[in-house]
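Trainee: Once you've had a glance at the structure underneath, I'll fire off some questions.
The values are calculated or read from the model by the stated rules, or taken from the named source; none is laboratory data. Just so you know, these numbers come straight off a predicted model, no measurement behind them. Here the Cβ is made from the backbone with ideal geometry for all residues, glycine too, and neighbour counts use every protein chain on show. Please note that ligands, DNA and RNA were not included when accessible areas were found on the heavy atoms of the full protein model with its side chains. Shrake-Rupley method; radii C 1.70, N 1.55, O 1.52, S 1.80 Å.
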Amino acid sequence: MMHITKNRLDEATEVLSEVLRFEHPADAVLSSFFREHKSLGHRDRGVIAETVYAVLRNRRRLEAWCGDRATGRRLLLAALIRVQGISSRQLEEVVSATEQRWLAERQAAAAPQLSYAEQADLPDWLAGRLADVHGEERALRLAQALNRPAPLDLRVNPLKAKREEVIEQLRADGINCEAGQFSPLAIRLAEKPSLAKHPLFLDGSIEVQDEGSQLLGFLVAPKRGEMVADFCAGAGGKTLLLGGLMRSTGRLYAFDTAERRLARLKPRVARSGLSNVHTSAIAHENDARLKRLAGKLDRVLVDAPCSGLGTLRRNPDLKWRQSPVAVEELTAKQLSILSGAARLLKKGGRLVYATCSVLPEENDAIVDAFLAANPGFRIVSAQDVLTTQGIKLACGERLRLDPLEHGTDGFFAVAMERVE
């Protein structure tokens, strides 16, 4: 049972007010707040973060319950009672008399009638978009799955360890875990222990990576000695997987437009034992530095910048920070990036386009537009590619993952081959 004090409630109120401006990602706001409040212990930080995230996940239902003037403070109190199961009696010592009266009044009131979008806890535009694609019933179940916190998944580094041995060691350390359902390198933990100082993490035997994200690497399926690029590498989680699958042979390029993201990759590469990774910051997808590689690469992964709406389990603030206009701007960028990356491939090379979005306009629409403009590429069945690697997943031609059916984040990916 969570224990909340007046100080924790006041601190959570302060940080939530900043988060609800939606000017910065919620995790960045919380990290900044904790850096400024170094005296907060691990448990206190957990209470604050958990309560803030409870508001972000359930904002619409909480607003409906609060009625008029659903301030950040009132949303916090509602989350403690409606989501986290704290009784109003437990809050008596930490809230004012006015707040006690307000809580009693709200608890006595009739339950509000919720619209479909409120039940889904999504903004109207996004709830409507999912309903258009899936129908209201499945869209609601998908939204509810996206609204649950994600489990902690690990990926075993095949250069350093075997999955069975890692599971055995984690269990010996009192960490409850099991093999992943799809990825042969995935381990799912029952809880979320801090692993930053665990020997397996420090020696590069494990990395934190969602199982769905791992499957993108197996869709690329790089071979030893090949030339491969992770075109939008970010902090490099997929780069590390690709390097491991290549057994640290060949040449693996990690491109990104943000040097600071690539800088975070370097210590991870050092831990992993990989020697074939070459990081390079580029200005854009048509950077002159890419021209020397045109027509030379065997495989290119384009994990495109996207709305991130498939990751709401981890980043619930995204549903409030994204907008139809922002998504429209992203789709133009996605097609441009895919087209730029495609120029690097040799004949017979494989191009994988992926997003962590659940919106067709960022997924199928981009692939279809690219194929229409590039008849020299054809789709390779995702199911066939995964099956040849012993991964049983009935996904058909295009890979679609979501937390409702697969227990992963929402992902989309298509493998294409350059045939001419």
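Trainee: Every residue in the range 49-77 that is among the hydrophobic types (A, V, I, L, M, F, W, C) and in a helix (DSSP H, G or I), please. Before the answer, list the steps.
Mentor: Keep residues of the range 49-77 that are among the hydrophobic types (A, V, I, L, M, F, W, C), which gives 49, 52, 54-56, 62, 64-66, 70, 75-77.
Answer for the range 49-77, where residues must be among the hydrophobic types (A, V, I, L, M, F, W, C) and in a helix (DSSP H, G or I): A49, V52, A54, V55, L56, L62, A64, W65, C66, L75, L76, L77.
Trainee: Among the numbered criteria (1) open to solvent by less than 60 Å² (accessible area, probe 1.4 Å); (2) within 24 Å of the chain's Cα centre (by Cα); (3) among the hydrophobic types (A, V, I, L, M, F, W, C), which one does I379 miss?
Mentor: Condition (2) is where I379 drops out.
Trainee: Follow-up. Residues of the range 397-420 being over 16 Å from the mean Cα position of the chain (by Cα) and open to solvent by 30 Å² or more (accessible area, probe 1.4 Å), which ones?
Mentor: Selection gives E397, R398, E405, E417, R418, V419, E420.
Trainee: Still on this structure, I have one more. Find the residue count for the range 268-298, including only residues that are surrounded by 15 or more Cβ atoms within 10 Å (Cβ to Cβ) and among the acidic types (D, E).
Mentor: Selection size over the range 268-298: 2.
Trainee: For the structure I just gave you, tell me whether L301 is buried (at least 18 other Cβ atoms within 10 Å of the Cβ), in a strand (DSSP E or B) and of a type in the set (A, V, I, L, M).
Mentor: yes
Trainee: Another one. Quick test for you: out of A263, A258, pick the one residue that is open to solvent by 50 Å² or more (accessible area, probe 1.4 Å), within 24 Å of H24 (Cβ to Cβ) and at pLDDT below 95.
Mentor: A263
Trainee: So which of V327, V358 is in a loop (DSSP other than H, G, I, E, B), hydrophobic (A, V, I, L, M, F, W, C), within 28 Å of A26 (Cβ to Cβ) and out of contact with any Cys (no Cβ under 8 Å at 6 or more places or on another chain)?
Mentor: Values: V327 fails: in a loop (DSSP other than H, G, I, E, B).
Among V327, V358, only V358 is in a loop (DSSP other than H, G, I, E, B), hydrophobic (A, V, I, L, M, F, W, C), within 28 Å of A26 (Cβ to Cβ) and out of contact with any Cys (no Cβ under 8 Å at 6 or more places or on another chain).
Trainee: For the range 1-48, give me each residue that is touching a residue at least 40 places away in the same chain (Cβ under 8 Å), open to solvent by 50 Å² or more (accessible area, probe 1.4 Å) and not in a loop (DSSP other than H, G, I, E, B).
Mentor: K6, S17, D27, H42
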